[in-house]
Amino acid sequence: MIMTNFARLNQAMGLQRSSASSKQKVQPITEVLIKNDENSGDLSLASITSDLHDISNPNKPIPSDLAYNSWVVEHPSALGSFDRMMKAAKGKRIVVFLDYDGTLSPIVDDPDRAFMSDEMRAAVREVAKYFPTAVISGRSRDKVKEFVQLSNVYYAGSHGMDIMVPPRPLRPCDANNNTTAMDIKGSDVLFQPAKRFLPAIQEIRTLLEEITRKVEGARVEDNRFCISVHFRKVREEDYGILEEKVKSVVGKYAEFHLTLGKKVLEIRPSIEWNKGHALEYLLDTLGFSNSSDVLPLYIGDDRTDEDAFKVIRSRGQGFPIIVSSTPKEDTKACYSLHDPSEVLTFLLRLARWRKASSSSRSLAQIWGVGSNLPRSV
């Protein structure tokens with residue numbers, strides 16, 4: 001009985017990271033969002049894992065690998081679902097958005113050594129040849145650009161509070177927003193909605209550097225429009241002390257708030273701006289704010305990326321993809337990738353698909369905005 005159940009489990013998991021020919025239990029809603037295929041005759045993985053769990057020991061927690069496999073049924077692999085996703089993209093204009101840490105590079109103990117591989121850099125470069133591509137990171141814009149080292153992508157740092165884009169006409173809402181700074185840098189426009197907070201941010205950074213000196217392993221990173229306090233190397237018994245010290249500093253500044261990331265505390269200005277807004281801003285800059293045939297693709301691994309996933313969900317079409325090796329039950333992503341190595345494979349496959357599915361176009365056509373952007377075929 002147990003062996004039979006495992007066979008059924010393997011069959012149900014065929015869509016995860018196996019061959020693309022495996023029968024999938026998901027299909028798109030609207031253009032590319034997914035739902036369970038009610039016409040499928042396959043048994044649900046939830047019932048199979050429950051069956052296995054009851055047989056072994058009703059009081060024993062479900063093993064983590066089974067929990068992850070069950071979660072992947074609801075958030076299928078973007079690799080296993082690639083053909084289905086590209087079929088849904090037919091006639092659409094794909095725009096690619098990428099997080100950095102944990103997506104293009106692995107999470108490491110030392111944030112200054114979060115280097116992306118040469119293979120990943122080549123893959124991003126190739127994708128950017130065919131699709132407008134942006135990296136949206138919590139890092140400072142200069143820092144993430146230093147890591148990525150590519151000139152054919154857009155960069156948005158500080159969770160989207162520092163964006164460098166090509167020039168465009170100034171909208172009335174930009175001129176009327178007193179938190180917005182628009183500066184011309186050569187032929188580009190620098191969009192910084194939190195610029196007025198810079199003096200206070202530097203004050204907070206100085207205070208945080210003073211208090212963290214007394215907590216072994218703690219490290220403060222200046223990300224220009226936000227500040228990160230890394231505690232990956234902090235002893236578990238010292239974390240509570242560090243958190244209270246950070247909260248005591250942030251509590252003195254009413255216009256700032258504290259958020260939690262992967263082994264990092266982040267201090268940000270309390271303005272209505274996040275990675276989701278950055279995604280919308282970049283789409284607007286490209287002339288796609290009200291376009292129904294644009295399909296944004298966002299790959300990210302952290303809580304801050306959920307804001308971008310929500311935006312894609314609200315548009316009713318797009319590819320929100322989370323990078324995770326553990327279940328993320330509260331994610332708004334529709335698809336998943338296991339780790340940065342799968343991100344690499346996905347990006348290479350996306351570039352190959354675009355190259356094979358279209359006639360040769362000049363870079364000017366590829367990087368043009370509005371109607372000049374290539375459509376998927």
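The values are calculated or read from the model by the stated rules, or taken from the named source; none is laboratory data. Please read all numbers here as calculations on a predicted model, not as lab measurements. Heads up, the Cβs are rebuilt from the backbone with ideal geometry, glycines too, and the neighbour counts pull from every protein chain shown.
Report yes if Ala181 is modelled with pLDDT of 95 or more and closer than 24 Å to Gly287 by Cβ, otherwise no. Spelling it out, it is not the case that Ala181 is modelled with pLDDT of 95 or more and closer than 24 Å to Gly287 by Cβ. Candidates in the stretch 232-257 are the residues that are in contact with a Lys or Arg (Cβ under 7 Å, 6 or more places away or on another chain) and at pLDDT 95 or above; of these, the one that is nearest to Ala194 (Cα to Cα) is Phe256.
Residues in the stretch 312-344 that are of a type in the set (Ser, Thr, Tyr) and surrounded by fewer than 17 Cβ atoms within 10 Å (Cβ to Cβ): Ser314, Ser325, Thr326, Ser341.
Can you name every residue in the stretch 260-309 that is over 30 Å from Phe231 (Cβ atoms) and either more than 17 Å from the chain's Cα centre (by Cα) or of a type in the set (Val, Ile, Thr) (or both)?
Applying the first criterion (over 30 Å from Phe231 (Cβ atoms)) to the stretch 260-309 yields 280-297.
Asp284, Thr285, Leu286, Gly287, Phe288, Ser289, Asn290, Ser291, Ser292, Asp293, Val294, listed by residue number.
Take Ser292 and tell me if it is part of a loop (DSSP other than H, G, I, E, B) and either hydroxyl-bearing (Ser, Thr, Tyr) or surrounded by 22 or more Cβ atoms within 10 Å (Cβ to Cβ) (or both). Talk me through it step by step, then tell me what you get.
Numbers: part of a loop (DSSP other than H, G, I, E, B): yes; either hydroxyl-bearing (Ser, Thr, Tyr) or surrounded by 22 or more Cβ atoms within 10 Å (Cβ to Cβ) (or both): yes.
Yes.
Filtering Val215, Val229, Val220 for residues that are under 20 Å from Val108 (Cα atoms), buried (at least 18 other Cβ atoms within 10 Å of the Cβ) and modelled with pLDDT under 95 leaves a single hit, Val215.
Every residue, every condition in (1) surrounded by fewer than 18 Cβ atoms within 10 Å (Cβ to Cβ); (2) not aliphatic (A, V, I, L, M), yes or no:
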position: Asp118; (1), (2): yes, yes
position: Ala123; (1), (2): no, no
position: Thr133; (1), (2): no, yes
position: Arg141; (1), (2): no, yes
position: Lys145; (1), (2): no, yes
position: Tyr154; (1), (2): no, yes
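Of Ser292, Ser270, all but one fail to be small (Gly, Ala, Ser) and within 28 Å of Pro111 (Cβ to Cβ); the exception is Ser270.
Take the conditions of a type in the set (D, E, K, R), surrounded by 15 or more Cβ atoms within 10 Å (Cβ to Cβ), at pLDDT 95 or above and within 24 Å of Arg139 (Cβ to Cβ) and apply them to Arg205. Does it pass? It is true that Arg205 is of a type in the set (D, E, K, R), surrounded by 15 or more Cβ atoms within 10 Å (Cβ to Cβ), at pLDDT 95 or above and within 24 Å of Arg139 (Cβ to Cβ). For the stretch 278-287, the count of residues that are touching a helix residue (DSSP H, G or I) at 6+ places or on another chain (Cβ under 9 Å) and among the polar types (S, T, N, Q) is zero.
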